[in-house]
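Trainee: If you scroll down you'll find the structure; I have some questions about it.
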Amino acid sequence: MANEITISASLAVTKSDDDDDDLSLIAQRFNQSGSPVLKGKVSVATSEQALVLPTGTLGWSIFRNLDYTNYVEIRSATGASNDIIKIPARGVALFYFGSDVTAPYIVANTAACIVQFLICIA
């Protein structure tokens, strides 16, 4: 089967009546050669914790921070000095994991957060 993954995204900014920008991608389709998909919700603590993932190459992913106050960060590995993704309170991140990321970690800012996710194995 082809084109199992469908991505739709848009971002728009309006600063004034004559100053707006946007970028949209509607119903772009991609193949998935792997079969597992990981979906769920996790309580994210203020100390980093591993994202327990099936084996395989990580692909398209979407994370949604359900917290109203605190942000969460996704790191490429434990103890990583640079976070690869920061998701603000009530924010969403749609991305494709880089080839170096095999065991990502997630950490909340100042209080535990609930994060919803869907990860496709490429």
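Trainee: Could you please find all residues in segment 12-28 being open to solvent by less than 100 Å² (accessible area, probe 1.4 Å) and within 13 Å of residue 94 (Cβ to Cβ)?
Mentor: 24, 25, 28
Trainee: Moving to a separate point now. When you go through (1) open to solvent by 50 Å² or more (accessible area, probe 1.4 Å); (2) closer than 23 Å to residue 4 by Cβ; (3) within 14 Å of the chain's Cα centre (by Cα) one by one for residue 58, which number turns out not to apply?
Mentor: Going through (1) open to solvent by 50 Å² or more (accessible area, probe 1.4 Å); (2) closer than 23 Å to residue 4 by Cβ; (3) within 14 Å of the chain's Cα centre (by Cα) one by one, residue 58 breaks only (1).
Trainee: I would also like to ask the following. Could you list all residues from segment 56-74 that are in contact with a strand residue (DSSP E or B) (Cβ under 9 Å, 6 or more places away or on another chain) and part of a loop (DSSP other than H, G, I, E, B)?
Mentor: 56, 57, 66, 67, 69, 70, 71, listed by residue number.
Trainee: Could you check segment 34-55 and list, in sequence order, the residues that are open to solvent by less than 70 Å² (accessible area, probe 1.4 Å), within 20 Å of residue 96 (Cβ to Cβ) and in a loop (DSSP other than H, G, I, E, B)?
Mentor: Selection gives 34, 36, 51, 53, 54.
Trainee: If I ask for residues that are within 19 Å of residue 52 (Cβ to Cβ) and either part of a loop (DSSP other than H, G, I, E, B) or among the aliphatic types (A, V, I, L, M) (or both), which ones from segment 75-92 would you list?
Mentor: Within segment 75-92, 76, 77, 78, 79, 80, 84, 85, 87 qualify.
Trainee: Cβ-Cβ distance below 6 Å, separation of 6 or more or different chains: which pairs start in segment 15-37 with a residue that is under 18 Å from residue 119 (Cβ atoms) and touching a residue at least 24 places away in the same chain (Cβ under 8 Å) and end on one that is surrounded by fewer than 10 Cβ atoms within 10 Å (Cβ to Cβ) and of a type outside the set (Phe, Trp, Tyr)?
Mentor: 31/2
Trainee: Another one. Could we say that residue 99 is open to solvent by 30 Å² or more (accessible area, probe 1.4 Å), polar (S, T, N, Q) and under 14 Å from the mean Cα position of the chain (by Cα) here?
Mentor: no
Trainee: Another question, if that's okay. Filter segment 67-94 for residues that are within 14 Å of residue 109 (Cα to Cα) and open to solvent by 40 Å² or more (accessible area, probe 1.4 Å) and give the result. Walk me through how you get there before you give the answer.
Mentor: Here is the first cut: in segment 67-94, the ones within 14 Å of residue 109 (Cα to Cα) are 67-75, 83, 85-91.
Residues satisfying the conditions are 68, 69, 71, 75, 83, 86, 88, 90.
Trainee: OK, next. Just to be sure I understand, how many residues within segment 108-122 are open to solvent by less than 10 Å² (accessible area, probe 1.4 Å) and aliphatic (A, V, I, L, M)? Show your work before the answer.
Mentor: So the first thing to find is which residues in segment 108-122 are open to solvent by less than 10 Å² (accessible area, probe 1.4 Å), and the list is 108, 113, 115, 119, 121.
Adding the requirement that they be aliphatic (A, V, I, L, M) leaves 108, 115, 119, 121.
Going through segment 108-122 one residue at a time, the tally reaches 4.
The values are calculated or read from the model by the stated rules, or taken from the named source; none is laboratory data. None of the values given here were measured: they were computed from a predicted structure. All Cβ positions, glycine included, derive from the backbone under ideal geometry; neighbour counts span all protein chains shown. For the accessible areas, the whole protein counts, side chains as well, though only heavy atoms, and no ligand, DNA or RNA atoms are used. Shrake-Rupley method; radii C 1.70, N 1.55, O 1.52, S 1.80 Å.
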